[in-house]
Amino acid sequence: MLLSPARTEKVASEHLSRSLEDYLETILLLVRRRRVARVRDIAKRLNVGMPAVTAALKALSKRKLVNYDPYHVVTLTDQGREVAEEISQRHILLRQFLTDVLGLDGQSAEANACRMEHAVDEDLRRRLQQFMRFIHECPRAGGSLVENFRKYCRQRPDLDRCRECISAVLQQTAARAGGGEVSQ
């Protein structure tokens, strides 16, 4: 049974703690990389003890999100896979936004995305996705918007620089429109 994005988010946010979401995301990652997820691999990846993993897997199994049998590999149910993929997609989107738009280094973006992914609702996820598409596709904003923001962060511009920037944008806009120079 596949859940709609809104239903998937509802299951993830109403019924799962941040910790259980991390377990689902980790299982998905391990299955993608190694084809299987084992208790010891989950424990190592999350830096927790194996008894903690066992307890989490029992809770996830009770919710029918994982197939768990002691001493065997762990698999996601269809519903568990969908919830895990939604969590993973939020994480990837946030990390991409933090690196590509805000200019954070990869390590900082990863750590922040891990914390933020649990609080992002469907509306915010959709808006972030639209904004990312906008800056990559729109010729009026796109890369220049991001680069100008990064320059702003580096230089802390004063009002005179803002005037220079506005003037340059007006000149570029006039040139693109074929209107030549803009009087000020």
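The values are calculated or read from the model by the stated rules, or taken from the named source; none is laboratory data. On a predicted model such as this, the values are computed, not experimentally measured, just so you know. Cβ atoms come from the backbone with ideal geometry, glycine included; neighbour counts cover every protein chain shown.
One table, with the values for the structure above:
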| quantity | calculated |
| --- | --- |
| From the options Thr54, Thr26, residue that is crowded, with 18+ Cβ neighbours inside 10 Å and polar (S, T, N, Q) | Thr26 |
| Considering residues of the range 61-89 that are assigned to a helix (DSSP H, G or I) and in contact with a Ser or Thr (Cβ under 7 Å, 6 or more places away or on another chain) only, the residue nearest to Tyr23 (Cα to Cα) | Val83 |
| Residue match in the range 143-160 (condition: more than 24 Å from Leu102 (Cα to Cα) and modelled with pLDDT of 75 or more) | no |
| Test: residue in the range 90-105 that is surrounded by 15 or more Cβ atoms within 10 Å (Cβ to Cβ) and within 14 Å of Asp22 (Cβ to Cβ) | yes |
